[in-house]
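Participant: What follows is a structure written as structure tokens; I'll ask about it next.
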Amino acid sequence: MTIDITVKIGGEAGQGIQTIGTLLSQVCHGAGLFIFSVDDFESRIRGGHSFNLLRISDEPVKAPGNGLDILVALDQRTLSLNRDNLAQDAMVILNSDTDVGFKENILSIPLKGLAKEAGGAITANTVAAGAILSILGAPYKILENLLKNRFAAKGEKIINLNTTAAKKGYGAAGEIRFSKKFSWTPQDTGAVIINGSRAIAMGALASDCRFFSFYPMSPATGIMTSVVPFMDKLPIVMEQAEDEIAAVNMAIGASFAGVRSLTATSGGGFCLMTEGLGLAAISETPLVIVNAQRPGPATGLPTRTAQADLLFVLNASQDSFPRFVFAPGSPMEAFELTKKAFALSEKYQVPAIVLTDQFLNNSQVTQENTFVVDENLPTFICHDDDMTDPGQYMRYCFTQDGISPRAIPGRGKAIVRATGNEHNEAGQISEDAENKIAMSKKRNGKCKAMIQEMDLPRVLHGDSNTLLVGWGSSREIIIEACTALRQKGKDVGAVLIKEIWPLDRDRWRDILKDRTFIMVEQNSNCQMGQIISRETGLFYHGAVLKDDGRPLYPEYIIEKTTQIME
Amino acid sequence: MVQPNDYNNDFENKWCPGCGNFLILNAMKQAFAAQNIPPEKMMFISGIGQAGKTPHFIQGNIFHTLHGRALPVATGAKTANHDLNIVVNSGDGDCYGEGGNHFLAAIRRNVDITLLVHNNQVYGLTKGQASPTTALGTVTRLQNQGTTSQSFNPMSVALAAGIGFLARGFSGKTEQLTDLIRRAMAYPGFALIDILQPCVSFNKINTQKWYMDRVYDIEETGHDSADFAKAMALAMKWGDKIPTGVLYEQETVPFHQRIKALGKKTLISHAFDARKVSRAIL
């Protein structure tokens with residue numbers, strides 16, 4: 001029988017909630033268990049209400065848990081906020097100043113007091129981790145080993161401080177145990193705990209991206225911080241720009257000069273980048289941009305999640321030009337699609353956008369470790385040797401497929417002229433009417449071949465009467481909801497989109513025609529539904545929309561879908 | 001030896017007859033030839049405006065970018081390949097207005113590029129509106145009751161931001177300008193030459209004569225370009241007498257030398273090593 005529990009650790013910002021979550025995740029990981037961990041926090045460094053929602057199972061889990069089995073309330077407010085969401089035999093660990101003891105499934109522990117006894121109030125998190133793990137029946141030895149590794153660099157004193165604190169936590173929980181028990185056998189499953197941010201950074205590095213320019217913005221900053229550990233090991237440069245306009249234009253400049261480049265931002269920063277997006281498009285300079293979505297407009301909800309920039313990124317910048325848009329549904333997919341974005345952006349000399357969100361970027365999940373760096377990266381650059389006469393090189397020469405051979409400036413005799421103005425084949429400004437038509441046609445003509453590069457949506461139980469259609473980071477949540485609905489006897493399948501644009505309207509229509517389909521999206525205006533209607537002429541029957549900035553949960557989809565189907 | 005004529009190209013020039021830009025273009029060609037740099041080793045990056053068109057009229061690699069954005073593009077290109085000789089052609093509106101934030105950041109980064117700001121104190125491409133360097137109260141077609149903002153002083157701002165090489169030139173003094181461009185390019189770090197120039201179509205105040213009556217060469221009158229306070233005093237000087245020449249020059253460490261990864265060779269010259277990447281990230 002599968003054991004699948006959810007632990008919520010809540011309190012004020014600055015109380016070390018994420019640290020407790022990380023300790024628990026690592027202990028579980030070391031015991032071969034699977035985790036899915038979501039951090040929910042406000043845009044502040046101290047105070048307020050934040051939590052870590054940690055789902056632990058002995059089977060792979062890919063969506064957040066909702067009903068709470070164990071609640072760790074670092075403040076009273078966490079307890080009152082979550083009382084209604086407790087599962088039947090849930091247990092609560094309550095941080096208390098005065099009370100000590102266990103009644104009505106609430107274990108009151110003075111975390112700070114015990115931490116002080118251990119030698120420092122700062123170890124209150126370790127005390128909490130000890131108490132939780134004790135309740136879950138995890139042998140103390142696993143936590144002890146983890147703490148020894150974690151603080152190895154800080155010396156014996158810090159290790160002892162933390163192991164003492166952990167023991168205090170175990171001691172406080174005593175013999176109290178949660179009803180469900182994992183078998184806590186240390187094992188290496190070969191899996192890794194990873195989030196979307198890190199996977200994108202790895203995907204970029206595996207794509208030979210060497211220049212990273214960015215302006216800090218939640219929830220995209222994690223992508224850049226994930227690159228930092230590799231800066232001593234690989235030839236890469238990261239530059240914090242003065243604004244997002246500079247970030248995107250630096251990336252374009254580096255790419256023009258022949259180095260693969262990445263910039264990452266969220267919707268507001270992407271607004272500032274749209275001018276640069278157009279420059280990359282008309283100058284046919286490869287460019288990969290990650291837009292990690294959060295609710296808007298303007299500043300919106302800075303630390304929360306959304307899927308509300310789809311229509312924006314598809315249409316961003318003036319006039320029309322081809323672009324790729326990808327929306328990964330897991331860290332592994334984020335890795336793969338980042339690689340694909342780099343390869344195709346360079347092959348077609350068009351911008352590629354990877355559309356993620358706060359939920360995907362920040363959620364930690366146990367993934368099978370199948371990350372692969374390709375031995376030979378195809379590149380799409382021409383050199384003097386490839387030309388009959390480098391002196392006659394024309395950056396935008398007309399070709400059958402609209403792709404002009406791309407030379408790198410300063411690397412040979414060929415002179416490279418790139419221009420944001422409309423230009424002739426040589427890259428010189430041209431206001432000629434015929435030339436404008438021909439150049440638009442050349443650029444837009446790439447679409448036909450670009451479509452062939454795109455994977456179709458993944459379809460589960462496609463012959464069902466009702467299909468749930470979603471995209472990007474909600475994939476696994478939709479799959480879990482779909483499975484649960486089928487177990488309840490509902491004839492439901494799912495269509496999961498990760499490669500959005502350009503889309504093959506005929507083949508998308510084939511998937512959805514003669515089916516009732518329900519859109520599942522984290523926005524208020526059903527953006528993918530609008531695109532499907534526009535492109536295929538097929539209209540969605542209903543929509544499960546969630547626009548509160550919080551993650552989707554399988555239960556929410558199940559409830560809303562059931563209502564629509566009735 | 002590279003000749004100035006090697007920088008000629010056959011693309012039709014689109015500036016007004018008599019524009020100061022022709023003289024700046026000429027000085028550029030002379031300066032590149034004097035350094036024996038062949039056109040295929042030069043990269044010209046520009047923003048928008050009449051100055052922004054400069055790269056089209058000269059032989060060499062070019063990226064004619066967006067309004068105000070030449071410096072970030074140049075920063076990216078120089079970081080990718082710091083062997084490139086990058087000259088940025090910008091104007092008073094492009095660089096000090098639309099690109100103001102990038103101007104400050106580029107000085108702070110000390111990217112090893114040469115920035116030529118064609119400063120005619122007016123918007124030429126959009127037909128005569130005030131620019132950041134237009135004097136307060138100047139009447140234009142748009143600001144018909146006179147401009148209401150004080151003029152921007154690029155020289156004092158650049159010094160305050162910590163620039164390592166600061167010069168002012170005048171399009172009418174081509175020989176001096178050629179020399180300034182050559183020295184700016186030789187300087188390892190960010191070099192600004194604010195180049196005063198008349199706009200024959202839209203600036204009826206700051207004419208060729210207006211400048212000729214005012215500009216003087218500080219190297220003729222004597223100036224210690226290593227003296228920051230004296231440089232600042234000259235930077236503040238405007239009106240009856242306008243100083244030209246190298247106001248300030250100070251040894252600095254350019255951006256690419258501040259970056260560890262660029263210590264041994266250029267970013268572009270590394271070969272992709274899949275095994276190394278794999279070991280690092282997996």
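The values are calculated or read from the model by the stated rules, or taken from the named source; none is laboratory data. Not measured: the values here are computed from a predicted model. Cβ: placed from backbone, ideal geometry, glycine included. Neighbour counts: every protein chain shown. For accessibility, only protein heavy atoms count, side chains too; no ligands or nucleic acids. Shrake-Rupley method; radii C 1.70, N 1.55, O 1.52, S 1.80 Å.
Participant: How would A:PHE34, A:PHE342 rank on accessible area, largest to smallest, probe 1.4 Å? Intermediate values should be presented prior to the final figure.
Facilitator: Details: A:PHE34 40, A:PHE342 10 Å².
Sorted by accessible area, descending: A:PHE34, A:PHE342.
Participant: Compute from the Cα atoms of segment A:1-64 the Rg and the Dmax, the latter being the longest Cα-Cα distance, and quote both in angstrom.
Facilitator: 12.5, 41
Participant: Three principal axis extents, largest first, for the C-alpha atoms of segment A:381-453, in Å?
Facilitator: Principal extents (Cα only, largest first): 33, 31, 19 Å.
Participant: Would you jot down the residues in segment A:393-432 that end up with at least 50 Å² less accessible area in the complete protein assembly than in the chain alone, with a 1.4 Å probe?
Facilitator: Those residues are A:GLY410, A:ARG411, A:ILE415, A:ARG417, A:GLN428, A:ILE429.
Participant: A further question on this structure: Could you list, in their original order, any pairs among A:LYS62/A:LYS340; A:LYS436/B:LYS127; A:LYS347/A:LYS442; A:LYS347/B:LYS276; A:LYS340/B:LYS276; A:LYS233/B:LYS264 whose Cα atoms are separated by more than 18 Å?
Facilitator: On the way: A:LYS62/A:LYS340 23 Å; A:LYS436/B:LYS127 25 Å; A:LYS347/A:LYS442 15 Å; A:LYS347/B:LYS276 24 Å; A:LYS340/B:LYS276 20 Å; A:LYS233/B:LYS264 14 Å.
Those over the limit are A:LYS62/A:LYS340; A:LYS436/B:LYS127; A:LYS347/B:LYS276; A:LYS340/B:LYS276.
Participant: Go through segment A:345-360 residue by residue and turn each phi into a ³J(HN,Hα) via Karplus (6.51, -1.76, 1.60, θ = phi - 60°); whole Hz please, and just put x for glycine and proline.
Facilitator: Result, ordered by residue: 4, 6, 4, 9, 6, 10, x, 10, 10, 9, 9, 10, 7, 4, 4, 5 Hz.
Participant: Still on this structure: Compute the accessible area of each residue in segment A:216-265 twice, once for its chain alone and once with every protein chain present, using a 1.4 Å probe on heavy atoms, and list those whose area falls by at least 40 Å².
Facilitator: Residues losing area: A:LYS233, A:LEU234, A:PRO235, A:VAL237, A:GLU239, A:GLU242, A:ASN249, A:MET250, A:PHE256, A:ALA257, A:VAL259.
Participant: Ordering A:TYR540, A:TYR348 from largest to smallest accessible area (1.4 angstrom probe), what's the sequence?
Facilitator: Accessible-area ranking of A:TYR540, A:TYR348, largest first: A:TYR540, A:TYR348.
Participant: Oh, and also: Tell me: how much accessible area in total is hidden between B and A, 1.4 Å probe, Å², nearest 100?
Facilitator: Numbers: alone 13590 and 23930 Å², together 32990 Å².
Counting protein atoms only, the buried area is about 4500 Å².
Participant: Next up: Heavy atoms only, 1.4 Å probe, whole protein assembly: order A:GLU431, A:GLU499, A:GLU422 by accessible area, highest first.
Facilitator: Accessible-area ranking of A:GLU431, A:GLU499, A:GLU422, largest first: A:GLU431, A:GLU422, A:GLU499.
Participant: I'd like the distance separating the alpha-carbon centroids of segment A:130-161 and segment A:372-401, in whole Å.
Facilitator: Segment A:130-161 and segment A:372-401 have Cα centres separated by 55 Å.
Participant: Whole number in Å², please: accessible area per residue of the protein assembly as shown, 1.4 Å probe, ligands, DNA and RNA not counted.
Facilitator: 39 Å²
Participant: Just how far, in whole angstrom, is segment B:14-63 from segment B:221-276 if you go by their alpha carbon centroids?
Facilitator: 21 Å
Participant: Quick one: if you take sqrt(5λ) for each eigenvalue of the C-alpha gyration tensor of the protein assembly as shown, what semi-axes come out, biggest first, whole angstrom?
Facilitator: With the √(5λ) rule applied to the protein assembly as shown, the semi-axes are 56, 32, 24 Å.
Participant: Using a probe of 1.4 angstrom, how much of the accessible area of segment A:381-453 is carbon and sulfur, in percent?
Facilitator: 50 percent
Participant: Still on this structure, I have one more. Return the carbon/sulfur percentage of the accessible area of segment B:4-281, one whole number, probe 1.4 Å, all protein chains in place.
Facilitator: 50 percent
Participant: Using amide H atoms built 1.01 Å from N in the peptide plane, name the residues 5+ places from A:LEU301, or on other chains, whose amide H lies under 5 Å from its own.
Facilitator: Those qualifying (amide H under 5 Å, at least 5 residues apart or on another chain) are A:GLY296.
Participant: Which of the lysines could be linked to B:LYS230 by a straight reach, that is with a Cα gap under 18 Å, when you skip same-chain ones fewer than 8 residues away?
Facilitator: Of all the lysines, those that pass the test against B:LYS230 - Cα under 18 Å, at least 8 places apart if same chain - are B:LYS241.
Participant: Roughly how far apart, in whole Å, are the Cα centres of segment A:282-347 and segment B:124-199?
Facilitator: So the two Cα centres are separated by 39 Å.
Participant: Summing -39500 (n - 2.57) over the DSSP H runs of n ≥ 4 in chain B and dividing by its residue number, what mean residue ellipticity at 222 nm do you reach, to the nearest 500 deg cm²/dmol?
Facilitator: The per-residue figure over chain B is -8500 deg cm²/dmol.
Participant: Now, a different point. Can you give the net charge of the other residues whose Cβ lies under 9 Å from the Cβ of A:GLY32, counting K and R as +1 and D and E as -1?
Facilitator: Computed value for this residue: -2.
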